[in-house]
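One structure is given below, encoded as structure tokens.
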Amino acid sequence: MAKITINGVEQAVEDGLYLIEAARRCGVDIPHYCYHPGLPVEGNCRMCSVEVEGIPKLQTACTTIVQDGMVVITDSEKVVGERSDVMEFLLRNHPIDCPICDQAGECGLQDYYMEHGLHDSRITVSEKVKKKKRVDLGPNVVLDSERCILCTRCVRFCKDVVGTEELVIKNRSNHAEITTFPGKGLVNPYALNTVDICPVGALTSRKFRFQCRVWYMKNATSICPGCERGCNIWIDHHENKIQRLRPRLNPDVNNYWMCDEGRLDFHWINDDRVLRAEGPDGLMRPDEADRAVLALLSNPGDVLIVASPRSTNESLFALKRFVEVALPGAALTGGSFRPTGDDDGFLRLPDKNPNSRGMREIGIAGDLENRLNGSAGVVLVFENDLLGDRPDLESVLAGKKVVAFTSNRTATARGADLVVPVTTYAELNGSFTNHAGLRQEFRSAIRPPGDSRSVFDVVKSLSGLLGKELGWESETALTKEMTDVITGWGVRVEEETELHAG
Amino acid sequence: MATTEKTEVKFSEARKQEIERIRGRYETPRGLIMPLLWMIQDDYGWISYDAMELIAGECETSPAWVYSIATFYTMFELEKPIRYHLQVCNTLSCGLCGSESILAHLEDRLGIQAGESTEDGRFRLTAVECLASCGTGPMMQMNDEYYESLTTEKVDAMLEEWNCD
């Protein structure tokens, strides 16, 4: 530990920390642009300059390592003046096009101008250096060169985090711009993280551009269902539609990052949902649907229930209990035919289901293919697009009565005799257990559309109709029992406080 | 009219030996970027994107990184030098003798306007002020040489020659 004095207060901090991080842990925020805790330091923006006793010039807090006895001042007239001057330089050529800029509302320039600038501009708009406003860097990222402050966070992300080194600065001084090599694109599968870490409106997401003002959006903590990594994410939503997904810091899982594939895979939650239950005679109310399902369950020995590693632990636990309590004799199996991917050595993992490990630990067998080929005449498929993933199973399912509990109009839903709408992970409180056995909770972000119910509510209703009790008053009680029963699941992941991203 | 010529960029055997000789001076392969940029510029007169990719391979880095460094220093020539710079006199004497039609003919044949270069970088056409050869108008200067008493036929013959080498 090193003892340092920040603004007159003596504090003990970890050795080897950069001053900016040490100060943050002591509750002193030092403004910064180029510094990002997930990237190597560069010290180019000069915004974090502070006074260090014994050194005549101001020092950048992001490149200064704490030393025992260091006396630091972050709020002197000299420091405040420096920040204001740095702001003036950074805004020298800024187009001030906030009204049409996606970053407005979460922009480092807006925030710090109000906090540390507030100077009048000495130049007119016509004197500013003009640059390109819309450069397609790659399939997902668009650059506005005029807004860029050349902090090189995006450059360092590609170079040091992904290792693809696609982005660089070309030219010097007023002509300097972020660019790729001529003819090449920003094509790495993690490219959209550059948009998150861009402290200004220079890098924008092609999909999110001009879609929604950030101040309208509410955020919910969630877990990406794209693969068994379980990256921690924010769901940003507005008017009950998901607008974008962003990575949420978890040093044990995904750090500050997520892949583009996971980030862009949310339109299925907004669109093409099953809103009402459907049977051979048309649309049904939820109670009608439940009775129609019940009519198929008269002989439990003929029933196969298919669970999915895309379901939450809570849904799977409830489903298992439902079979044990209300439908003894029925077979329960789980699994997925979703095509696997590659382990790319960074975040993306082969299994494209978020909860395969959770399903195993809950004790649902994965003998899906054998069971499907078995004699069961009634198949209840929960959140599993068997036919979408394996069209050849059509002949296997042909002679069976199929009930699809599904959020979307999947191939399985189209081939089913009965379709019952259920929620997606974005409309549920729940948890996934990732490949490493970490059970990660998430909160519902939006309201379930139409008649969509959680699997818990569905099986609770079905048990009630069968005159059986699952034994839980609420989902909270379910979660409590589940985490008590399954080893290691009682450990709650500590809620993180988001670091300043701007 | 514009023909595309493609020169393969490579390091000569002598250059390769030189590279191996100096490699040890640098802590990382990246350190070689600057000397290699100079070698290419010395050997070819300019540094093409192909050359940057060649250097990137040699320095175990991305072409983008080489591009960043090459564009940082204005001393590096990143455009192919113009081979034939045609400066057509536009001033009174030549004008009276028909320099306008000579310029128009050149624009037509080269497919560019005065002030522009052909895409392959071989020709640049400029309308200039008096070159002090008023007795032999219309005239133009190609690089350092004068071409005088021009007619469209003469111009065609010159273009034929320049375009074939």
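The values are calculated or read from the model by the stated rules, or taken from the named source; none is laboratory data. Computed from a predicted model, the values in this text were never measured in an experiment. Cβ: placed from backbone, ideal geometry, glycine included. Neighbour counts: every protein chain shown. These accessible areas exclude ligands, DNA and RNA; they are computed on the full protein's heavy atoms, side chains included. Shrake-Rupley method; radii C 1.70, N 1.55, O 1.52, S 1.80 Å.
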Accessible carbon and sulfur surface of chain A relative to its total accessible area, %, 1.4 Å: 49
Chain B - Cys residues lacking any other Cys C-beta under 4.7 Å: B:CYS59, B:CYS97, B:CYS130, B:CYS134, B:CYS164
The stretch A:310-373: relative contact order in percent, alpha carbon pairs under 8 Å with at least 6 residues between: 41
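Per-residue Cβ counts within 10 Å, from other chains only, averaged over A:171-179: what number is that?
Mean shielding by partner chains, rounded to a whole number: 2.
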Cβ neighbours within 10 Å from other chains - mean over B:59-67: 6
10 Å Cβ shell holding at most 13 others, DSSP loop, GluC sites (Glu not before Pro): longest site-free stretch of chain A: A:240-468
Å² of accessible area per residue within the stretch A:239-382, as computed with a 1.4 Å probe and no ligands counted: 41
Where the stretch B:13-72 is the region considered: accessible area per residue in Å², 1.4 Å probe: 51
Built amide H within the under 5 Å cut-off of B:TYR84, gap 5+: B:PHE123, B:ARG124
Separation of alpha-carbon centers, the stretch A:73-152 and the stretch B:49-71, rounded to whole Å: 30
Accessible-area composition of chain B, carbon plus sulfur, in percent [1.4 Å probe]: 49
A:ASP160 versus A:THR124: modelled label distance in nm, points set 7 Å from Cα along the beta carbon direction: 4.3
Shielded residues, the stretch B:69-99 - accessible-area loss of 50 Å² or more between chain alone and all protein chains, probe 1.4 Å: B:THR71, B:PHE72
Nitroxide proxy distance, nm - points 7 Å out along Cα→Cβ at A:ARG206 and B:GLU79: 2.9
Using alpha-carbon coordinates, inclination of helix A:286-295 to the longest axis of chain A, degrees: 40
Residues of the stretch B:84-161: accessible area per residue with a 1.4 Å probe, Å²: 51
Candidate lysines for bridging to A:LYS460, where Cα separation is under 18 Å - those fewer than 8 sequence places away on the same chain excluded: A:LYS320, A:LYS468, A:LYS480
Area hidden from solvent between A and B (accessible, protein heavy atoms only, 1.4 Å, total, Å²): 1300
